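Shown next, in structure tokens, is the structure this report addresses.
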Amino acid sequence: MTLDDLRVFIAVCETRNLSAVARTMSCSQSAISQHVKRLERETGLALLERRPRGVAPTPAGEILHRAAADGIGGLDGALRQLEDLRRGVGGTIRIATGATTVRHFMSTAVAGFRARHPDVTLQFVTADSSRRCLEAVRRHEADLAWVTIGPPLQDVEQRPSYDMPWVLAVHVGDVLSHRESLAPEDLADISYIELPRHSTSRVQLETHLERHGVRLASTTGVADWDTALLLAELGLGHAVLPALPGWTHGPGSVVRLIPINDLPPLSAGWAVRQWDALSPPAREFADTVVSELQGR
């Protein structure tokens with residue numbers, strides 16, 4: 001059993017496809033199969049089972065996958081730290097973020113942390129959804145991920161850190177723009193600019209609205225919150241959004257952000273594999289972001 005065997009096995013379990021792993025590693029599918037067969041010979045158990053499309057780990061394979069992923073991830077982290085020591089630098093913090101995360105949630109914290117720790121490298125891994133940010137943490141491609149908090153997960157710790165009430169972004173010329181607040185039922189006939197399909201924020205919003213008997217109809221979809229706000233500013237529809245820090249639309253603005261009552265706020269926060277396993281700089285960076293947000 002070698003590290004290469006385990007790395008290949010982890011990749012197969014996560015992609016569920018031998019051919020895809022072979023392409024990624026620039027080798028033959030037969031070579032990938034040999035790594036897996038060697039592990040099966042040493043464990044005396046079947047670790048993969050074939051499916052109509054690809055493969056899947058057996059119960060024994062799941063056990064080995066979890067242990068190998070944790071072990072390899074820890075080893076990779078240690079090797080990075082050793083490389084930092086060799087180069088005489090302060091280490092690297094890898095942060096998975098969404099498209100608008102840094103601007104809205106951590107710009108001040110990044111500047112403050114950089115001033116205190118100029119030798120620490122901040123590496124931002126941009127993903128297009130909280131789900132992909134979580135995947136980056138699972139695959140040890142990121143130490144921290146700023147995500148919309150969803151249901152509890154077995155292999156990732158989530159720490160809610162900032163609550164965002166829901167608002168309706170509407171052009172000042174719209175009939176709803178004079179309202180000081182809205183009820184969920186007031187949204188039934190809006191021209192909804194829908195959030196990304198399967199995103200945590202959209203799933204939570206539509207679940208809450210359905211409890212009030214409201215289903216939103218849409219002819220416009222966007223990839224992120226900022227784009228939804230822009231379309232509302234242009235008068236091209238109504239955007240139901242979490243009130244992000246940094247959004248200010250006072251007198252003279254062409255858009256109003258109207259609070260929506262009776263909807264639980266959307267919660268954002270950090271996701272990590274193991275909080276206690278983070279490096280001290282990574283923990284300090286995470287705490288800095290939260291402190292700055294709470295200070296607003």
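The values are calculated or read from the model by the stated rules, or taken from the named source; none is laboratory data. Keep in mind that this is a model prediction, so the values were computed, not measured. Cβ coordinates were reconstructed from backbone atoms using ideal geometry, including for glycine residues, and neighbour counts include every protein chain displayed.
In this structure, is Glu42 loosely packed, with under 14 Cβ neighbours inside 10 Å, of a type in the set (D, E, K, R) and touching a residue at least 40 places away in the same chain (Cβ under 8 Å)?
So Glu42 passes the test.
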Counting only residues in the stretch 92-107 that are of a type outside the set (Gly, Ala, Ser) and not in a helix (DSSP H, G or I), the one farthest from the chain's Cα centre (by Cα) is identified as Thr92
Does the stretch 205-219 contain any residue that is surrounded by 14 or more Cβ atoms within 10 Å (Cβ to Cβ), in a loop (DSSP other than H, G, I, E, B), under 20 Å from the mean Cα position of the chain (by Cα) and among the acidic types (Asp, Glu)?
no
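Regarding Trp270, is this residue buried (at least 20 other Cβ atoms within 10 Å of the Cβ) and at negative phi?
On the way: buried (at least 20 other Cβ atoms within 10 Å of the Cβ): yes; at negative phi: yes.
Yes; evaluated as a whole, the condition is true for this residue.
I'm trying to understand the selection: among the residues of the stretch 191-207, which are within 20 Å of Arg131 (Cα to Cα) and either at pLDDT below 90 or in contact with a strand residue (DSSP E or B) (Cβ under 8 Å, 6 or more places away or on another chain) (or both)?
First, pick out the residues of the stretch 191-207 that are within 20 Å of Arg131 (Cα to Cα): 194-207.
Selection gives Glu194, Leu195, Pro196, Arg197, His198, Ser199, Thr200, Ser201, Arg202, Gln204, Leu205.
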Output for Cβ contacts, cut-off 8 Å, separation at least six or different chains, first residue under 15 Å from Asp76 (Cβ atoms) and not assigned by TED's automatic domain parsing to the domain that holds Ser199 in the stretch 121-142, second among the β-branched types (Val, Ile, Thr) and outside any strand (DSSP E or B), reads Val137/Val156; Arg138/Val156; His140/Ile72
Answer from His117, His35 - the residue that is assigned by TED's automatic domain parsing to the domain that holds Leu144, farther than 27 Å from Ser199 by Cα and of a type outside the set (Ser, Thr, Tyr):
His117
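What's the total number of residues in the stretch 25-49 that are hydrophobic (A, V, I, L, M, F, W, C) and either touching a strand residue (DSSP E or B) at 6+ places or on another chain (Cβ under 9 Å) or closer than 18 Å to Asp76 by Cβ (or both)?
The initial filter retains those residues of the stretch 25-49 that are hydrophobic (A, V, I, L, M, F, W, C), namely 25, 27, 31-32, 36, 39, 45-48.
Next, only the ones that are either touching a strand residue (DSSP E or B) at 6+ places or on another chain (Cβ under 9 Å) or closer than 18 Å to Asp76 by Cβ (or both) stay: 25, 36, 47-48.
Count: 4.
With outside the structural domain of Phe105 (by TED's automatic domain parsing), in contact with a strand residue (DSSP E or B) (Cβ under 9 Å, 6 or more places away or on another chain) and charged (D, E, K, R) as the only criterion, which of Glu210, Glu233 stands out? Show your work before the answer.
Numbers: Glu210 fails: in contact with a strand residue (DSSP E or B) (Cβ under 9 Å, 6 or more places away or on another chain).
Of Glu210, Glu233, the one residue that is outside the structural domain of Phe105 (by TED's automatic domain parsing), in contact with a strand residue (DSSP E or B) (Cβ under 9 Å, 6 or more places away or on another chain) and charged (D, E, K, R) is Glu233.
I'd like to check something: does the stretch 169-181 contain any residue that is more than 29 Å from Ile72 (Cβ to Cβ), free of Cβ contacts under 8 Å to residues at least 40 places away in the same chain and surrounded by 20 or more Cβ atoms within 10 Å (Cβ to Cβ)? Before you say what the answer is, go through the steps one by one.
Step one: filter the stretch 169-181 for residues more than 29 Å from Ile72 (Cβ to Cβ), giving 169-181.
Filter again for free of Cβ contacts under 8 Å to residues at least 40 places away in the same chain, leaving 175, 178.
Imposing the further condition that a residue be surrounded by 20 or more Cβ atoms within 10 Å (Cβ to Cβ) reduces the set to none.
The answer is no; no qualifying residue exists.
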All but one of (1) farther than 21 Å from Ala145 by Cα; (2) in contact with a Phe, Trp or Tyr (Cβ under 7 Å, 6 or more places away or on another chain); (3) not in a strand (DSSP E or B) hold for Val240; state the number of the condition that does not hold.
(3)
Scanning the stretch 192-204 for residues that are of a type in the set (A, V, I, L, M) and outside any helix (DSSP H, G or I), the one surrounded by the fewest Cβ atoms within 10 Å (Cβ to Cβ) turns out to be Ile193
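Given Ala11, Ala22, which one is surrounded by 17 or more Cβ atoms within 10 Å (Cβ to Cβ), under 20 Å from Asp76 (Cβ atoms) and either touching a Leu at 6+ places or on another chain (Cβ under 9 Å) or free of Cβ contacts under 8 Å to residues at least 40 places away in the same chain (or both)? Let's see the steps before the verdict.
Numbers: Ala22 fails: under 20 Å from Asp76 (Cβ atoms).
Criteria check complete, one pass: Ala11.
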The condition of being exposed (fewer than 14 other Cβ atoms within 10 Å of the Cβ), basic (Lys, Arg) and either modelled with pLDDT of 90 or more or over 20 Å from the mean Cα position of the chain (by Cα) (or both) holds, among Arg296, Arg283, Arg256, only for Arg296
Output yes when any residue across the stretch 265-276 is assigned to a loop (DSSP other than H, G, I, E, B), touching a strand residue (DSSP E or B) at 6+ places or on another chain (Cβ under 8 Å) and closer than 30 Å to Arg211 by Cβ, and no when none is.
yes
